[in-house]
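Step one of this worksheet: look at the structure below.
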């Protein structure tokens, strides 16, 4: 098996794990993508949508769509920036903070169930590989 084959296998496995995590998280009302957005908002506090997009490596239009949907669901609040009325400032609501806590707990649960099948040596080897690639 060459490097390209291993890379493809990694991508396939990663996509399968991501789907499993998303399916598990769906019971909490937040997806993995929403969890990441809420994590940034809780860590940084209220931020402009443009900064949120930058922090997450997302396109401005994608973050706008995600934030609009999250606002409809009561997870975030948007307001006009006092210094620039065209800009929107996004903050997590209390409901969003509670949903994040539930999502993080659920995410940790499913990740533990997946990765605890590895021995400590395998976990360390995987960590080393990810450090090298990351």
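Taken together, the values in this text are just the output of simple stated rules run on the coordinates, not laboratory data. Keep in mind that what you see is a predicted model, and the values were worked out from it rather than measured. So basically every Cβ, Gly included, is an ideal-geometry build from the backbone, and we count neighbours across all protein chains shown.
Brief remarks on what is shown
- A Förster radius of 30 Å, combined with the Cβ-Cβ distance separating residue 126 from residue 44, puts the computed FRET efficiency at roughly 0.50.
- Helices in the chain, meaning DSSP H runs of at least 4 residues, each add -39500 (n - 2.57). Divided by all residues, the mean residue ellipticity at 222 nm is -23000 deg cm²/dmol.
- Taking other C-beta atoms within 10 Å as the exposure proxy, 48, 36 rank 48, 36 from fewest upward.
- In a fully extended conformation the segment linking residue 111 and residue 73 would gain 11.1 nm over its present Cα-Cα distance, using 0.36 nm per residue.
- Sorted fewest first by neighbouring Cβ atoms within 10 angstrom, 58, 1 come out as 1, 58.
- 54, 28 arranged by Cβ crowding within 10 Å, fewest neighbours leading: 54, 28
- Each eigenvalue of the Cα gyration tensor of region 3-133, multiplied by 5 and square-rooted, gives one semi-axis; in descending order these are 32, 17, 13 Å.
- Length released on extending from residue 2 to residue 65, taking residue separation times 0.36 nm less the Cα-Cα span: 18.7 nm
- Region 3-133 - percent relative contact order, Cα under 8 Å, separation 6 or more: 27 percent
- Separation of alpha-carbon centers, region 3-31 and region 52-87, rounded to whole Å: 26 Å
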